[in-house]
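Below: one structure, written as structure tokens.
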Amino acid sequence: MIKKIITKTIITFAAVFCLFAEDAVTQLPVQIQADTYSDTEEEVKSEEADEYTEKEMVTIPKKKKNFFEDLFTFGNSGKFITTDSASVFVKGNFSGLKQVAAQITIFPETAETGIGSKYQGLYYITLLDQSSRAQLKKAMQSYFNDFENKKLIRKTKKTSKIYGKGKALIFWGTLRTSTPNNGRGDAFYGYEFIEGSPYFKITIPEVENQYYKVTQTVTRGSKQLQYYFTKAQLATLLDLITDDKINQSITDYVISEYGLPEDDDQY
């Protein structure tokens, strides 16, 4: 009887500790204010889109695990690389926009990169491949030009997909450290006015959950994801997920995990 009580107490303590740890990691540093937008026309010169040269991305091979490693590996251990902190707005379950903390997250097997954050009670990791990140940068430049030239359209929802789309890989689960659910889908780039203020918007419709094929105890699909950014938040995100920074993060990870490569012996 005493053993059962002690075991139950330890499990309860561990669960509470995990929840506190999640809150500590996702605590917001600064409250972001909405962008101010006026429809008054002003003569503003449009900026030309930056030229983009595709870089070769650094990746690492998928780590093969034996039965015992799979059995004793908890959650996302060793699966992702997390780097900088950021923030994003999401829609709450029964409210308007809510600012949440986000973590720049890299999937080193493919170099797909994006953000991890709380989303309506779950933790979602949303990743973009190299081509989709390049398209996102072009979308940002188009949005900034339309913003400065007073070309944003208020009274329509058709602008949510106005700047094209990319491809997204998403993982999700109840905790940041455990996101077994996963799937791939489209990521649409555009903008939307919320309470009179414009926000750049990334929309990812529901995707099929590949983990459902492993266990039917999970949902068949994801939530529809809608991320909202002020101009400053978007510019910060794009600065943190450049090809150079991703390559450097993966290289640093490889060195920390496996050490520096040694030169071949000369004979």
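General observations
- The peptide list 205-217, 243-255, put in order of mean Cβ contacts within 10 Å with the highest first, becomes 243-255, 205-217.
- Net charge contributed by nearby residues that have their C-beta within less than 13 Å of THR83 (K/R +1, D/E -1): -3
- Highest mean packing first, where packing is the average number of other Cβ atoms within 10 Å per residue, the peptides 235-242, 92-99, 111-118, 187-194 line up as 111-118, 187-194, 235-242, 92-99.
- Beyond 22 Å, the tail of the calculated P(r) for the range 151-267 holds 56 percent of the Cα pairs.
- GLU206/GLU56 FRET efficiency (R0 25 Å; Cβ-Cβ; nearest 0.05): 0.15
- THR110 versus PHE193: modelled label distance in nm, points set 7 Å from Cα along the beta carbon direction: 3.7
- Rounded to the nearest 20 debye, the dipole magnitude of the range 129-194 is 200 debye, with +1 charges on Lys and Arg beta carbons, -1 on Asp and Glu beta carbons, and the Cα centre as origin.
- Which of ARG184, ARG133, ARG176 is most accessible, then next, and so on - probe 1.4 Å: ARG184, ARG176, ARG133
The values are calculated or read from the model by the stated rules, or taken from the named source; none is laboratory data. Owing to the predicted nature of the structure, the values given are computational and were not obtained by experimental measurement. In this analysis, Cβ positions are derived from the backbone assuming ideal geometry, glycine residues included, and neighbour counts consider all displayed protein chains. The accessibility values were calculated without ligands, DNA or RNA, using every heavy atom of the protein model including side chains. Shrake-Rupley method; radii C 1.70, N 1.55, O 1.52, S 1.80 Å.
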